[in-house]
Structure formats: C-alpha cells, structure tokens
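Student: Below you'll find the structure I mean.
What follows is calculated from the coordinates using simple rules that are stated; it is not laboratory data. Everything quoted here is computed from the prediction, not taken from an experiment. Counting neighbours? That spans all protein chains shown, and the Cβs are built from the backbone with ideal geometry, glycine included.
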Amino acid sequence: MAEHDLTALLAAQMDRHLVFPLLEFLQERQLYSEPEILEAKIRLLSGTNMVDYAMDIHKSLHGTDDVPEDMVRRRAEVVSRLRSLEEAAAPLVTFLQNPQLVQELRPDKQYNIHMLQDRYQNFSSPLSQLQNRIWLMHWALFIFFNHENGRNGIIDLFFQDRYLNAIQTNAHHLLRYLATAVVVNKRRRNMLKEIIKVIQQEQHSYKDPITEFLECLYVNYDFDGAQQKLMECEQKFLNLNVCLSGYRKSLKTMNHFLCKTSFFCMSPSMLAQKLNMSYDEAELWIMNLVRSSKLDARIDSVSGTLIMTTNHVNVHEQIIESLKGLNMRTYMLAKNIVEPAQAAQQAAR
C-alpha cells in the first residue's frame, strides 16, 4: 500500500507545518513503524524553529529526559534569528499598521505589487509565481477535501489555465486529487473529458490506479482492465489520504454507465462479475440505480436480463455544457491582457 503513498511528493511542495497532519495520518494508519514516523518528525523539525517540539519527540523516541547538544545550540540560534527577522520586517509591519499608508493600496493588484516592490524590493519572478501556485494547490488540499463544497473548489481552481499549466509543469501527482474530485462530484461530470485529456497528455510523467482506471474506461474501453484498477483503488488507497466517502460507489457507477453504452442487454450475473459483487447485491444495485437515475430500462423476468435503451443527449444541452467554462476563460484572458497594460501606463505616469 505504501508504494502509492504521495506523502514525499506532497511534502516537497508544502510548508513543514502542513506535513505534520500527513505524518499523523500515516501514524494512525500504521503504514510505517512508530520509530520511523517519530524519526521523520524529528528530521522534519530539524530545519524549523520548533525546537522545543523536536526536543519533546526526541525524549519520547529514546525514553530519556536528555536532549542532544545541537538542539540546545539550535534553540539559541532560533531566538537570535527571530529577533533579527522582526527588525527586518519592521518597515513593512509599520506600513500595514498605519491606516493612512494602507489607504494608498488600490484594488489594482498590479499597482500594489509595483508599489511594494519599489519601496521594499519585493520582487517576484515568473519562476517564483509558478512555485507559489504549486504551493497554493498543495495547501488548498487540506481545505478542499474537508469542506462540503470543496469538490467544486478544487475543480474550479485546478482547471484554470495558469494552475493547470503548473500541474503539468511540476506537480503531475496532483492529477490524482483532481481526478478524484471530478469522479465524486456528480454535478461536474461534464469535466471528465477535460481531465481524461490531461491524463492522456501526462501519462508518461505520472500514472496511478485512479488515472489508469479512467483511461481504461474512457479511452481504451477495457472493462476488464477498469475492473482490475477499481480493485486496486479499493485495496491500495483505502489507507491512503486519497480515500474519500463515496469514491468506490462513484467509480462503480461510472463503470456501469459506460457498460450500458456498449451493452443494451445485460444480465445481473455479468454486472456482478464486472463490479465484483454477489448476484443478489448486483440485482438490488440495478434496481436502485434504475429508480434513482430514471433510466429508460426494464427487467425481463423470463430471461433474467436488464434491457436498456440509449438516451441521446440533446444538442442544446451539449452546447450549454461546452460554453459553461467559456465565460471564465474569456475573463481570465482579458484580465491577463488588460492588467499589464494598465500597470505599464501607471508606471509611465
């Protein structure tokens, strides 16, 4: 199960304090031994100012009240550096604490950046902007997967061009979380084509059972392969931080819906085999699915098969779905063009 653990990749893009919940999760799930987790925590704390916390973990790990001399020296360095940072940040803190100076800030983000750069030499290169977006997406995972509307939030943010480019440039592993958000969100299934296109583009850089499941189902139409990946998702991700409520049910529903587009007449036994269920479970699941999804289907009690008719999507609905993201993309494109022009005009004045 640890082979698909993304903690090391996620940790590289997070502040150290955000890595601790991940280590706590691994410790709770017992994917690694207790001494390994405690050693990892000490290594994580070694480059931080949380020296007192590191001392407490060292005492717990080794069962002693003594701490290494280097931790004692490190604590003195931290106190000294804290004082020097307070002095260096004093001008900016003074600016923010002065109501009259704060009024100089404008709704124009570019103007504020240039003004602060001129005063405090706070430059931001394109490379640092890319890194900041990657950091933001990693940090946002803690919010998106713990908020009732978080699935929409991660889709709206990650599919913005600048953030999607950042994923494809240096954070391919975030495709796991974006794909998961699309799968579990019934209202945003219209984004499946987009995420599958990205998965295909990045398949040589990153793949896992989740991305491979979608590829088997929607690209290769390999139902047996999709079933195998479905089982891998259930087995390998059950104890990892991608496990979400309803994820297994969503994958099975997607598998079934694609099966129905290829087989207009299927038996519960065949579906049970495809979805790894017993015959009775498959029969009950079919009945509930037909009722809840309002499918145009009927069950032939004589032959023991489910007969379905295809539902063609209205062309107007297809156009509406295609245009949903156009407004936001047009706005972002116009903003990227207008803001630099406005900043240049203001700088010229």
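Student: Give me Lys335, Lys229 ranked fewest to most by other Cβ atoms within 10 Å of their Cβ, as a rough exposure proxy. Could the numbers behind the result be given before it?
Tutor: On the way: Lys335 11, Lys229 23.
Ordered by Cβ neighbours within 10 Å, fewest first: Lys335, Lys229.
Student: Got a sec? How would Tyr32, Tyr221 order by Cβ neighbour count within 10 Å, fewest to most? Mind dumping the intermediate values first?
Tutor: Working: Tyr32 16, Tyr221 13.
Listed from fewest to most nearby Cβ atoms, that is Tyr221, Tyr32.
Student: Something else now. Using only the alpha carbons, work out the radius of gyration and Dmax of the stretch 2-105 in angstrom.
Tutor: Spelled out, the Cα radius of gyration and Dmax of the stretch 2-105 are 18.7, 56 Å.
Student: Quote to one decimal, in nm, the extra length available between Leu96 and Ala347 on full extension: 0.36 nm per residue of separation minus the C-alpha distance between them.
Tutor: 88.1 nm
Student: Can you sort Leu92, Leu192 from fewest to most other Cβ atoms within 10 Å of each residue's own Cβ?
Tutor: Numbers: Leu92 13, Leu192 16.
Ranking Leu92, Leu192 by Cβ neighbours within 10 Å, fewest first, gives Leu92, Leu192.
Student: For the stretch 124-159 and the stretch 51-105, compute the distance between their C-alpha centroids and round to whole Å.
Tutor: Here the two parts' Cα centres lie 27 Å apart.
Student: Compare the Cα positions of Ile42, Tyr53, Asn98 along the charge dipole of the stretch 2-105 (+1 at Cβ of Lys, Arg; -1 at Cβ of Asp, Glu; about the Cα centre) and return the one farthest towards the positive end.
Tutor: Farthest towards the positive end: Asn98.
Student: Expressed in whole Å with the largest first, what are the equivalent ellipsoid semi-axes of the stretch 127-240 derived from the C-alpha gyration tensor as the square root of 5 times each eigenvalue?
Tutor: Details: eigenvalues 108, 51, 36 Å².
With the √(5λ) rule applied to the stretch 127-240, the semi-axes are 23, 16, 13 Å.
Student: Looking at the calculated P(r) for the stretch 46-136, what percent of the C-alpha pair distances fall above 24 Å? Don't jump to the answer; show the numbers that get you there.
Tutor: Working: 2091 of 4095 pairs.
Summing the P(r) of the stretch 46-136 above 24 Å gives 51 percent of all pairs.
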